[in-house]
Amino acid sequence: MDIIQLKGEEKQLYSLVAHLVMNEEVISYNLNYPYKTSPDYMWFVATDNGVTLGFIPVKLEEEGKVKINNYYVADDDSAVFSALLKEIVRVFAGDHEIESVTQIRHIPEFEKGGFAVVLYWKRYVKMKVFRDEKECV
């Protein structure tokens, strides 16, 4: 499996994810919320032999914060989640605060990736990667 990192409007991104982000089943996976992109996004795409296995777009916000707010992993594959989240943490953890709006059912996958829950909502949780244990809630 390869993890490809792409800017939010790169042409290669569209060829890797367009068939998924417009698919009814994938939109349903995302609780019917549409996927978004712009120059403010960095996408992490998991592929294997030309097949897109999953993706996590990360929005680069002001003040050194990045946020995950949509994602897709085929069959909720734990290995794909792990690879994507590991790469995101590797790229951003040094000088960015990493937050995620995570579906309740994916809490265990994000916890394995180093995230901790900081706020519960009805269908989602807000999660964050903490640099050290002193920051944990």
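Output the antiparallel fraction of DSSP beta bridges having both residues in segment 2-98, as a percent to the nearest 5.
Counting DSSP beta bridges with both partners in segment 2-98, the antiparallel share is about 90 percent.
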Cα centre as origin, Lys/Arg/Asp/Glu Cβ charges: segment 2-98 dipole, Debye: 140 debye
Distance (nanometres) between label positions extended 7 Å along Cα→Cβ at Gln5 and Tyr120: 3.5 nm
Length added when fully stretched, Asp76-Thr47, from 0.36 nm per residue minus Cα-Cα: 9.0 nm
Ala18-Glu63 pseudo-label distance in nm [points 7 Å out on the Cα-to-Cβ vector]: 3.7 nm
Anchor Lys7: lysines whose Cα lies under 25 Å away (excluding residues fewer than 8 positions away in-chain): Lys36, Lys59, Lys65, Lys67, Lys86, Lys126, Lys128
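When the helix-only estimate is applied to the chain (DSSP H runs of n ≥ 4, each -39,500 (n - 2.57), divided by the residue count), what is the mean residue ellipticity at 222 nm, nearest 500 deg cm²/dmol? Each step should come with its number before you reach the end.
Values: 4 runs with 38 residues, N = 137.
For the chain, the value works out to -8000 deg cm²/dmol.
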Exposed GluC sites (Glu not before Pro) absent: longest stretch of the chain, with sites in DSSP loops and at most 11 other Cβ within 10 Å deemed exposed: 64-137
Structure-derived volume of the Cα convex hull per residue in Å³: which label, when the choices are (i) 105; (ii) 95; (iii) 157: (i)
Longest exposed-site-free window of the chain, the sites being trypsin sites (Lys or Arg not before Pro) in a DSSP loop that have at most 15 other C-beta atoms within 10 Å: 37-121
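Just so you know, all these numbers are worked out from the coordinates, no wet-lab data involved. These numbers come from a predicted model, not from an experiment. Virtual Cβ from ideal backbone geometry, glycine too; neighbours counted across all protein chains shown.
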